[in-house]
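Everything below concerns the one structure shown next.
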Amino acid sequence: MPQPRWRLPLLGDLLSIDVAKPVQREMQMAQELGGIFERKILQHRLIVVSGADLVREVNDEEKWAKFLGKPLRKLRVIAGDGLFTAFNSEPNWSKAHNILGPGFSQAAMRGYHDSMLTVVDRLVDSWDSAAAGGEYVDVPKSMTSLTFDVIGRCGFSYDFDSFGRTEPDPFIAAMSRALEYINRSSNDIPILRALFGRSARAQHARDIALMQETVDRIVEERMRSGEQHGDLLDLMMHTVDPDTGEQLSPESIRNQVLTFLVAGNETTAATLGFAIHFLSRHPEVVAKARAEITQVVGADGRIGYEQVAKLRYVRRVVDETLRLWPAAPGYFRKVRGETTLGGRTLPKGSWVFVLLPQLHRDPLWGDDPERFDPDRFEPAAVRKRPAHIFKPWGTGIRACIGRQFALHEAVLTLASLIRRYDFAPEPGYELDVHEAITLKPRRLKVKLSTL
């Protein structure tokens with residue numbers, strides 16, 4: 001199997017490590033080594049897959065299943081057996097999936113729409129002030145505030161009021177540090193971390209405690225009030241799993257809330273941030289999207305729930321953003337029994353990492369897969385491509401349960417911003433992709449012109 005150059009005895013591919021940007025380093029390796037290669041760091045082996053035909057094999061649910069790789073295992077210290085980090089064998093995954101599924105139905109999404117609009121309006125007020133002052137806006141900060149407040153209001157009827165604060169909510173700061181620590185400690189040299197990482201470990205423990213205390217406070221306030229809001233927290237607290245007749249335990253409720261606060265916030269914020277970056281570089285895309293919004297909604301009308309699904313070009317902007325920089329950079333898969341992959345025999349228990357940004361740049365995407373082009377997702381173009389080469393939400397029964405929620409939020413937000421602003425990039429800025437479990441733009445600022 002292909003492997004990086006300069007493999008060392010005992011140490012393996014130590015020279016290939018990039019602690020800060022491991023995914024982008026693996027993208028470089030895939031370009032050099034092809035659609036499958038092996039990395040070895042000390043005694044740990046990792047097979048990285050990005051070739052389209054190989055990914056199709058790996059996505060076969062009869063032969064492969066979800067696997068919790070090292071970053072996800074480390075994330076369990078925050079979210080335990082939540083939907084994203086549960087082992088396949090843990091009963092709370094299927095229980096929570098059954099209980100929370102109705103929370104992402106069309107009826108539920110319709111109920112979330114107005115809450116999303118309320119938060120988007122707060123974002124617009126914030127950006128209007130920046131535009132009036134000729135200031136650049138910090139896009140990642142704004143998008144994190146937006147998505148954090150959206151999941152707080154829609155999921156738990158809780159207002160974090162991020163746009164009313166001069167400093168980010170302590171939960172956001174703790175979450176950012178915790179994810180950064182997990183990402184680095186999943187890709188560094190353990191002995192060096194043990195020797196020199198005492199301060200970082202202590203901060204990590206404090207951050208986890210703060211996040212758990214925040215969630216416990218939200219749940220306790222709901223229990224004391226005795227109120228029901230028809231949100232995700234109500235489902236967790238009062239719904240019985242139809243298969244087992246059981247409810248979620250208090251610990252499982254905490255884990256699910258943490259899962260949504262982390263995953264539901266980070267991924268959509270990152271996608272919106274990348275989308276704003278691309279829009280600031282492609283005014284022709286902005287113009288085309290704006291024309292669609294005007295046709296569907298009108299020049300000044302409030303965007304209704306049904307209209308979001310009709311904004312098909314704006315949705316294509318979201319999909320093309322997810323193609324180039326999926327917030328979740330990949331997923332791990334494990335073979336259920338001995339099998340072959342690309343002509344190579346893999347024994348039972350072998351696992352691989354599907355490298356999504358490289359899969360999404362496969363030659364099947366055309367001659368220039370690095371180019372931002374929402375028209376790749378026109379229906380005729382989609383029908384010509386194999387479905388398995390676009391997997392930003394994962395695959396199989398463990399794919400993202402909140403996909404429709406995230407898409408609705410992203411399209412609604414972008415439509416609200418595109419109809420109101422032109423975006424100008426900061427001079428000299430080149431996209432800097434930051435890695436902390438998720439991928440997101442760093443130091444991204446744009447100047448706004450109000451229409």
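Could you please give the count of residues in segment 82-125 that are in contact with a Phe, Trp or Tyr (Cβ under 7 Å, 6 or more places away or on another chain), part of a loop (DSSP other than H, G, I, E, B) and touching a residue at least 60 places away in the same chain (Cβ under 8 Å)?
Qualifying residue count for the region: 1.
Of the residues ARG383, ARG361, which is surrounded by fewer than 18 Cβ atoms within 10 Å (Cβ to Cβ) and not hydroxyl-bearing (Ser, Thr, Tyr)?
ARG383
So which of ARG376, ARG371, ARG333, ARG385 is over 30 Å from THR118 (Cα atoms), in contact with a helix residue (DSSP H, G or I) (Cβ under 7 Å, 6 or more places away or on another chain) and without any contact (Cβ under 8 Å) to a residue 40 or more places away in the chain?
ARG385
Tell me whether segment 367-374 contains one or more residues that are part of a helix (DSSP H, G or I) and closer than 29 Å to SER126 by Cβ.
Yes: segment 367-374 contains one or more residues that are part of a helix (DSSP H, G or I) and closer than 29 Å to SER126 by Cβ.
Can you tell me which of VAL137, VAL150 is outside any helix (DSSP H, G or I), farther than 30 Å from ALA202 by Cα and modelled with pLDDT of 95 or more?
When all the criteria are applied, what remains is VAL137.
Could you list, in sequence order, the residues of segment 229-267 that are surrounded by fewer than 23 Cβ atoms within 10 Å (Cβ to Cβ), assigned to a helix (DSSP H, G or I) and among the acidic types (Asp, Glu)?
Scanning segment 229-267 gives ASP234, GLU251.
Given the conditions (1) in a helix (DSSP H, G or I); (2) at pLDDT below 95; (3) not aromatic (Phe, Trp, Tyr), which single one is not true for GLN28?
(2)
Give ARG45, ARG76 a once-over and let me know the one that is of a type in the set (Lys, Arg) and touching a strand residue (DSSP E or B) at 6+ places or on another chain (Cβ under 8 Å).
Result of the check over ARG45, ARG76: ARG45.
Assess whether ILE17 counts as being surrounded by fewer than 17 Cβ atoms within 10 Å (Cβ to Cβ), touching a strand residue (DSSP E or B) at 6+ places or on another chain (Cβ under 9 Å), at pLDDT below 95 and of a type in the set (A, V, I, L, M, F, W, C).
Against the criterion (surrounded by fewer than 17 Cβ atoms within 10 Å (Cβ to Cβ), touching a strand residue (DSSP E or B) at 6+ places or on another chain (Cβ under 9 Å), at pLDDT below 95 and of a type in the set (A, V, I, L, M, F, W, C)), ILE17 qualifies.
Can you find a residue in segment 184-204 that is modelled with pLDDT under 80, polar (S, T, N, Q), outside any helix (DSSP H, G or I) and surrounded by fewer than 18 Cβ atoms within 10 Å (Cβ to Cβ)?
Within segment 184-204, one or more residues are modelled with pLDDT under 80, polar (S, T, N, Q), outside any helix (DSSP H, G or I) and surrounded by fewer than 18 Cβ atoms within 10 Å (Cβ to Cβ).
Just checking, how many residues over segment 39-60 are at pLDDT 95 or above and not aliphatic (A, V, I, L, M)?
7
The values are calculated or read from the model by the stated rules, or taken from the named source; none is laboratory data. Computed from a predicted structure; not experimentally measured. Cβ coordinates were reconstructed from backbone atoms using ideal geometry, including for glycine residues, and neighbour counts include every protein chain displayed.
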